[in-house]
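No value in this document is a laboratory result; all are computed from the given coordinates. Every value quoted in this text rests on a predicted model; they were computed, and no experiment measured them. Here the Cβ is made from the backbone with ideal geometry for all residues, glycine too, and neighbour counts use every protein chain on show.
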Amino acid sequence: MVTIKSKKEIEYMRDVCKVVALTYKELEEVIKPGMSTYELDKIAEKKMRSLGAIPAEKGYDIGVEGVPPFPATLCVSVNDEVIHGIPSKNKIIKDGDVVSIDTVALKNGYNGDAARTFIVGKASKEAQRLVDATKQAFFEGIKYARAGMRLGDICHAIGEYVHSQGYSVVREFQGHGIGKQMHEDPGIPNYGKAGRGIRLQAGMTLAIEPMVIQGKPNILELEDRWTIVTEDGSLAAHYENTILITEKEPEILTML
Ligand code: MG
């Protein structure tokens, strides 16, 4: 069921999403070569808690046998890791690494979700182009994110843009509605047909999240049962915001 948020709920969504935006602001300022992904995670957790929120991914259990609850505040996925990388003291960020971070905060019973990809230190031309295109894919998609449009219009715009840049979209994971639950209806694939799917209504809150691979779209799950990597070893990037559908332009809740 797709939920339409009330005025009060929208206030809570704005508030928790601001926590996520401020957490990324801090991460952007501190991230540098030589840090472990664990250090980044601790900084994010501290920031979130200082703003009255709880890291919603920490302890998140998908309820599948053999898959442990996610142990951290951040998913940190480096280079060929696409999503759901687990922070570790042994994982040191190097100059030129492509670091995709995804996190969800919970406050007053509502969730805010966003992802950013940082290139740490000196970026290669190829990496920079991938990261820029992934972010742009989000903005191409949300051109259609307003009341009266169809969900498929967003999905189509993202997929078309990514393919026009010579990249692949991940097909096994998708964006989603968000609110009291981290993942609500509708599912929002990063590809699709224009003019299809549910009609968007003011008051919907959606997490739109292009996951883009430099090479072929195939992915693999690592033995930790969380980390998703590209099969061909090529780079991946991720960009996400929680948005509010209105009668006009969408409000991007997880940007300052
Ligand atoms: Mg996310």
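Things to note:
- Applying the criterion of being among the polar types (S, T, N, Q) and closer than 26 Å to Glu184 by Cβ to the residues of the stretch 205-228, the residue that is surrounded by the fewest Cβ atoms within 10 Å (Cβ to Cβ) is Thr227.
- Residue under evaluation Val104, criteria (1) within 21 Å of Lys248 (Cα to Cα); (2) within 16 Å of the ligand (Cβ to nearest atom), criterion not met: (1)
- Check on Pro33, touching a residue at least 60 places away in the same chain (Cβ under 8 Å), more than 16 Å from the ligand (Cβ to nearest atom), within 16 Å of Phe118 (Cβ to Cβ) and not basic (Lys, Arg): yes
- Filter result for Gly112 (within 16 Å of the ligand (Cβ to nearest atom), within 23 Å of Thr230 (Cβ to Cβ), touching a residue at least 60 places away in the same chain (Cβ under 8 Å) and touching a helix residue (DSSP H, G or I) at 6+ places or on another chain (Cβ under 8 Å)): no
- Inspection of the stretch 185-194 finds a residue satisfying the criterion of being within 13 Å of the ligand (Cβ to nearest atom), touching a Leu at 6+ places or on another chain (Cβ under 7 Å) and either touching a residue at least 24 places away in the same chain (Cβ under 8 Å) or under 19 Å from Ala236 (Cα atoms) (or both).
- Filtering the stretch 62-71 for residues that are within 16 Å of the ligand (Cβ to nearest atom), within 25 Å of Gly187 (Cα to Cα), of a type in the set (Val, Ile, Thr) and touching a residue at least 24 places away in the same chain (Cβ under 8 Å) leaves an empty set.
- Selection count, the stretch 22-63, where residues are outside any helix (DSSP H, G or I) and closer than 18 Å to Thr242 by Cβ: 8
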